[in-house]
Amino acid sequence: MESEDDMHDANDVESLDDDFYSGDTDDAPMDYYSDYDDDADDYFDDADKVESRRPEQNFTILKESDIRLRQEDDITRVATVLSIPRVFASILLRHYNWSVSKVHDAWFADEERVRKAVGLLEEPVIQYPNARELTCGICFDNYPRARIEMVSCGHPYCISCWGGYISTSINDGPGCLMLRCPDPTCGAAVGQDMINQLVSNEDKQKYGRYLLRSYIEDNKKSKWCPAPGCEYAVTFDAGSGNYDVSCLCSYSFCWNCTEEAHRPVDCDTVAKWILKNSAESENMNWILANSKPCPKCKRPIEKNQGCMHMTCTPPCKFEFCWLCLGAWSDHGERTGGFYACNRYETAKQEGVYDDAERRREMAKNSLERYTHYYERWASNQISRQKALADLHQLQTVHIEKLSDIQCQPESQLKFIAEAWLQIIECRRVLKWTYAYGFYLPEFEHAKKQFFEYLQGEAESGLERLHQCAEKELQPFLSADGPSREFNDFRTKLAGLTSVTRNYFENLVRALENGLADVDSKGASSKATSSKNAAGSSKGRPGRGKGAFRTSTSNRMSDDSHSHRTSMSGRMSDDNHHSHWSCEHCTYVNVRSATTCQICYQPRR
């Protein structure tokens, strides 16, 4: 697997101008709809340029027929160049993982060594020039020469034993592709011609399937689509830095790790997030935060009623106080009654319970933080699945119906499908930004604030687009005839699509750059070009399409800005030196701790 640096080095990031995230910072709400007319005009004027804005596709989807054609072409090329039979060429290619260049290099460097390694012997080890009968090396019966078969080594075996040997190997799995002579001391290869001659049609089909799959699975430049039931394969050309692949089955995945497409979050973060979601660590955190151990048997007890009088489950049945964990027989009105405990309050003031309470409080905070990010991650996944279903309903039912009602050809309604495709993609990106945010170190306050600002702007734009596509389309589907308001709806939805697309392009670009617009000391570095904020202003003075409004004023004096920057930098730097963040659960521990106080993982 390539390193994270390799994955992102190829990304060409546009130069950053000083006024990207600057602009008017009035406290008044953003006029989200002020640029719709311009956005909609540009949307339709530039419809032919939409494809050119997207990154060049660096992968190819292969159907089964395409795979077979490529496989046959490679076999033919090797057989022609090396002047060998196609069966031999197939054996060579399988040995070198279907790399034509590797076969040529190895063959011309040392043909004899390659033949020996692969099992393509030039001369038989054993020869029987005039024998009419031969003895089978497996069953040791004598057979006429016509009933005996052998590969390039010359070891004789009867047709029946050959058939059983090959059939057993095929049923054992893909290892049959490297089948050798039954003689334990012989390495001669068994070719597909003999296999097709001696086994049943069912075994032939199995072998052919293994051979086809090996062309994809043994080739580093190709993979099967990981979607359940999908039989398409993908070939990938590295170099663009974008590892997202969209299969013809509509499933999108990351070529590098084969998980669901997760740009702009890197593969390591995704792996940690998926592991955390499936691990037992959060269960233990919940138990620690919401339960206490029975003082007698030590089993965790959850308090599910208001009274402090706890009774452990059988066979323990120990009765104790929830607050101080003392025996209930020692409690009563003199100790505070059923809903309080004087002993606990006194002991707490003396610091007896400080460590346990602190651990419980830390576990509770860690659990709440994880729940915050996980719920939003899962919610966006559910919204994306719903959007996929809505798009399918639109394409199969609503478009035709809307075309009839509004008396417009379906080609003029493609802006609705474009909006839903944008919603689906933005939901995917937004979902993974919550995993990114969870692992963003707590002490990097400036980066965290910058990230939350970008995420908030993008999410706000997406919610407006989703609501418009979902709610405001419905009246036109139930209308009796053409409506004048439909053109206004077209303009609004097209504008929202364009603005939302640009918001998310900014978010993706910033995360892929590691939030480089904010340095480690909290100061904003050179800002990004204003044309990237929500579209180019195209010469319109005073505003850009959907321009970002920063949450703090950029018109403050340079001295005030410098003072604020230095203070933020010192606070961030001091926090960084006095604390360390756990790589496992991200809890910020004190510097002196050698293990995490939440998950007990050692400091790295």
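The values are calculated or read from the model by the stated rules, or taken from the named source; none is laboratory data. The shown structure was predicted, so the numbers you read here are calculated from the model rather than taken from an experiment. Cβ atoms come from the backbone with ideal geometry, glycine included; neighbour counts cover every protein chain shown. Just so you know, the surface numbers come from the protein's heavy atoms only, side chains and all, with ligands and any DNA or RNA stripped out. Shrake-Rupley method; radii C 1.70, N 1.55, O 1.52, S 1.80 Å.
Condition check ((1) at pLDDT 90 or above; (2) open to solvent by less than 20 Å² (accessible area, probe 1.4 Å); (3) more than 22 Å from Tyr373 (Cα to Cα)) across all residues:
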| position | (1), (2), (3) |
| --- | --- |
| Leu454 | yes, yes, no |
| Arg464 | yes, no, no |
| Leu496 | yes, yes, yes |
| Tyr503 | yes, yes, no |
| Glu512 | no, no, no |
| Ser529 | no, yes, yes |
**Request:** Only residues that are in a loop (DSSP other than H, G, I, E, B), at pLDDT below 80 and open to solvent by 80 Å² or more (accessible area, probe 1.4 Å): list them for the range 262-318, please.
**Result:** Glu280, Lys298, Arg299, Asn304, Gln305
**Request:** Pairs only if they're at least six apart or on different chains, beta carbon under 9 angstrom, first in the range 354-373 and more than 16 Å from Tyr436 (Cα to Cα) and of a type in the set (D, E, K, R), second modelled with pLDDT under 70 and not in a helix (DSSP H, G or I); list them, first residue then second.
**Result:** Arg358/Gln597; Arg359/Gln597; Arg359/Ile598
**Prompt:** Here are some residues: Ala419, Ala479. Which one is within 23 Å of His392 (Cβ to Cβ), in contact with a helix residue (DSSP H, G or I) (Cβ under 8 Å, 6 or more places away or on another chain) and modelled with pLDDT under 90?
**Reply:** Ala479
**Item:** the range 57-99, residues that are under 19 Å from Leu179 (Cα atoms), surrounded by fewer than 16 Cβ atoms within 10 Å (Cβ to Cβ) and under 32 Å from the mean Cα position of the chain (by Cα)
**Value:** Asn97
**Request:** Give just the number: which of (1) open to solvent by 30 Å² or more (accessible area, probe 1.4 Å); (2) touching a residue at least 60 places away in the same chain (Cβ under 8 Å); (3) part of a helix (DSSP H, G or I) does Pro441 not satisfy?
**Result:** (3)
**Asked** So is Lys521 at pLDDT 50 or above, open to solvent by 20 Å² or more (accessible area, probe 1.4 Å) and in contact with a helix residue (DSSP H, G or I) (Cβ under 6 Å, 6 or more places away or on another chain) or not?
**Response** no
**Request:** Could you please let me know if Leu388 is surrounded by fewer than 18 Cβ atoms within 10 Å (Cβ to Cβ), hydrophobic (A, V, I, L, M, F, W, C) and either under 28 Å from Thr269 (Cβ atoms) or at pLDDT 90 or above (or both)?
**Result:** yes
**Message:** Please determine whether any residue of the range 151-173 is open to solvent by 60 Å² or more (accessible area, probe 1.4 Å) and either touching a Gly at 6+ places or on another chain (Cβ under 9 Å) or among the hydrophobic types (A, V, I, L, M, F, W, C) (or both).
**Reply:** no
**Request:** Return the total of residues in the range 466-494 being open to solvent by 60 Å² or more (accessible area, probe 1.4 Å) and not in a loop (DSSP other than H, G, I, E, B).
**Result:** 7
**Message:** Tell me yes or no: at least one residue of the range 179-202 is over 19 Å from Pro156 (Cα atoms) and out of contact with any helix residue (DSSP H, G or I) (no Cβ under 8 Å at 6 or more places or on another chain).
**Reply:** yes
**Asked** What number goes with the only condition from (1) part of a loop (DSSP other than H, G, I, E, B); (2) of a type in the set (Asp, Glu); (3) under 27 Å from Ile274 (Cβ atoms) that Glu463 does not pass?
**Response** (1)
